[in-house]
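Here's the structure, in structure tokens; my notes come after.
The values are calculated or read from the model by the stated rules, or taken from the named source; none is laboratory data. Predicted model, so just to flag it, every value in this text is computed and none were measured. Here the Cβ positions follow ideal geometry from the backbone for every residue, glycine too, while neighbour counts run over all protein chains shown.
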Amino acid sequence: MRKFLVILDDSRECLNAMRFAAMRAQNTSGGVIILSIIPPDEFNHWIGVGDIMREETRERIHAHYEVFAKWMRDRHGVDPELVIREGDVVTEILDQVTQDKAIGVLVLGAASGKKGPGPLVSQMTRSSGSLPIPVTIVPGDMSKERLEMIT
């Protein structure tokens, strides 16, 4: 089964990337992997404080994942898998794609506006030549109706 890899973060455009991945998975009998990456510098505190912060971050990720997972199951019949990694965002995405041969497409959401598509899309665009799979960039301001039409 081909899987769509989508990144869970706090960006607004993440929502459309999730929608697109779920709709494509439903329409192609595929799967979805939701990847959340914790940056390494997020816990550079005293050991005890860093451990507590890491656990709180993981709990927040699981809570966000459950919202998306329930929606994907109920609306699209897709049961996504959650993967949490710690490290540099681009490195961790590349490692995930390399390690899981079932991943067929990386789905990213692009911010709309004058500031550009967002740091993740900009970074992954620069690294796209080293990816063994295609990247789909979904506009963050695309309507649900338009997403349904193109998936």
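Return the only residue of 96, 123 being without any contact (Cβ under 8 Å) to a residue 40 or more places away in the chain, surrounded by fewer than 19 Cβ atoms within 10 Å (Cβ to Cβ) and not in a strand (DSSP E or B). Lay out the reasoning, then the answer.
Numbers: 96 fails: without any contact (Cβ under 8 Å) to a residue 40 or more places away in the chain.
Residue meeting the stated conditions: 123.
Selection of the stretch 64-90 for residues being assigned to a loop (DSSP other than H, G, I, E, B), closer than 12 Å to residue 35 by Cβ and either in contact with a strand residue (DSSP E or B) (Cβ under 6 Å, 6 or more places away or on another chain) or among the hydrophobic types (A, V, I, L, M, F, W, C) (or both) yields only 80.
Does the stretch 135-149 contain any residue that is outside any strand (DSSP E or B) and within 22 Å of residue 39 (Cα to Cα)?
Initially, the stretch 135-149 is screened for residues outside any strand (DSSP E or B), giving 140-149.
Imposing the further condition that a residue be within 22 Å of residue 39 (Cα to Cα) reduces the set to none.
Within the stretch 135-149 (the criterion being outside any strand (DSSP E or B) and within 22 Å of residue 39 (Cα to Cα)), the answer is no, since none of the residues qualifies.
Counting only residues that are in a loop (DSSP other than H, G, I, E, B), farther than 11 Å from residue 32 by Cα and either among the polar types (S, T, N, Q) or in contact with a strand residue (DSSP E or B) (Cβ under 9 Å, 6 or more places away or on another chain) (or both), how many does the stretch 1-21 have?
So the first thing to find is which residues in the stretch 1-21 are in a loop (DSSP other than H, G, I, E, B), and the list is 1-2, 8-13.
Among the residues that remain, those that are also farther than 11 Å from residue 32 by Cα are: 8-13.
Checking which are either among the polar types (S, T, N, Q) or in contact with a strand residue (DSSP E or B) (Cβ under 9 Å, 6 or more places away or on another chain) (or both) leaves us with 8-9, 11-13.
Final tally of qualifying residues: 5.
Can you work out which of the residues in the stretch 103-117 that are assigned to a strand (DSSP E or B) and of a type outside the set (A, V, I, L, M) is modelled with the lowest pLDDT?
Initially, the stretch 103-117 is screened for residues assigned to a strand (DSSP E or B), giving 103-110.
Checking the rest, the ones that are also of a type outside the set (A, V, I, L, M) come to 104, 109.
Details: 104: 97, 109: 94.
The residue in question is 109.
Condition check ((1) in contact with a Cys (Cβ under 9 Å, 6 or more places away or on another chain); (2) assigned to a helix (DSSP H, G or I); (3) loosely packed, with under 14 Cβ neighbours inside 10 Å; (4) at pLDDT below 90) across all residues:
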site: 42; (1), (2), (3), (4): no, yes, yes, yes
site: 51; (1), (2), (3), (4): no, yes, yes, yes
site: 59; (1), (2), (3), (4): no, yes, yes, no
site: 101; (1), (2), (3), (4): no, no, yes, no
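All conditions in (1) more than 15 Å from the chain's Cα centre (by Cα); (2) surrounded by fewer than 18 Cβ atoms within 10 Å (Cβ to Cβ); (3) within 22 Å of residue 27 (Cα to Cα) hold for residue 81, with the sole exception of (1).
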